[in-house]
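Presented below is the structure to which this report refers.
The values are calculated or read from the model by the stated rules, or taken from the named source; none is laboratory data. Here the structure is a predicted model, which is why all the values come from computation and not from measurement. Positions of Cβ are backbone-derived with ideal geometry, glycine not excepted, and every protein chain shown enters the neighbour counts. Keep in mind that these areas ignore ligands, DNA and RNA; they rest on the heavy atoms of the full protein, side chains included. Shrake-Rupley method; radii C 1.70, N 1.55, O 1.52, S 1.80 Å.
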Amino acid sequence: LLWYPSAMWDTSLPSFSENADAPVLDIAAIAEFTHWYAGHLDLAAVPATLAPGRAADLSGLPPAYIAVAGHDPLRDDGIRYAELLASAGVDVELHNADTLVHGYLGYAAVVPAATEATARGLAALRAALHPS
């Protein structure tokens with residue numbers, strides 16, 4: 001279960017420019033988090049240990065549920081990772097909560113769309129852990 005993941009570290013993806021000034025998480029904040037987390041690395045060659053979407057082989061990974069938010073710079077990062085997983089034969093379900101922002105889990109039970117998106121992800125997790 002991946003909610004708004006950063007799996008590619010590819011800031012050339014369209015959502016980074018489309019949502020550059022998004023509420024909650026903007027590209028300036030992403031740059032700061034990246035510096036704190038991996039400032040010692042050459043970000044032109046981020047290793048797959050930090051950006052799993054850059055791995056040479058994604059086959060054999062477990063099924064994934066990936067949830068992204070429409071107004072999030074990381075949206076296309078999660079979408080691209082889901083595409084790569086599917087291409088590698090991994091069972092993947094992608095949901096784009098197109099009206100929401102990064103961090104919408106914090107608004108569950110307050111914002112109806114966030115409540116619905118959170119419930120959808122938790123239902124997928126429940127189904128994966130307790131298959132019928």
Quote the relative contact order of the chain in percent (integer), defining contacts as alpha-carbon pairs under 8 Å separated by 6+ residues. 30 percent
Would you indicate which of (1) 50, 35, 23; (2) 45, 32, 25; (3) 45, 36, 23 is the value of Cα extents along the principal axes in Å derived from the coordinates of this structure? (3)
Cβ neighbours within 10 Å, averaged per peptide: list 99-105, 54-60, 39-45 in order, most packed at the top. 99-105, 54-60, 39-45
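Within the chain, what whole-number % of the accessible surface is contributed by carbon and sulfur, with the 1.4 Å probe and all protein chains included in the calculation? Each step should come with its number before you reach the end.
Details: 4360 of 7370 Å².
In the chain, the share of accessible area belonging to carbon and sulfur is 59 percent.
So for the range 1-131: antiparallel DSSP bridges make up what percent, rounded to the nearest 5? Show your work: numbers first, answer last.
Numbers: 0 of 9 bridges.
Once the DSSP bridges in the range 1-131 are tallied, antiparallel ones form about 0 percent.
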Residue 93's amide H: which non-local residues (gap 5+, or another chain) put their own amide H closer than 5 Å, with H modeled 1.01 Å from N in plane and none for Pro or chain starts? 64, 65, 66
In nm, spacing of pseudo-spin labels at residue 43 and residue 17 (7 Å Cα→C-beta vector): 1.7 nm
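Under a 1.4 Å probe, what is the accessible area of the chain per residue, stated in Å²? List each step's numbers first, then the result.
On the way: 7370 Å² over 132 residues.
Ligands and nucleic acids excluded, the result is 56 Å² per residue.
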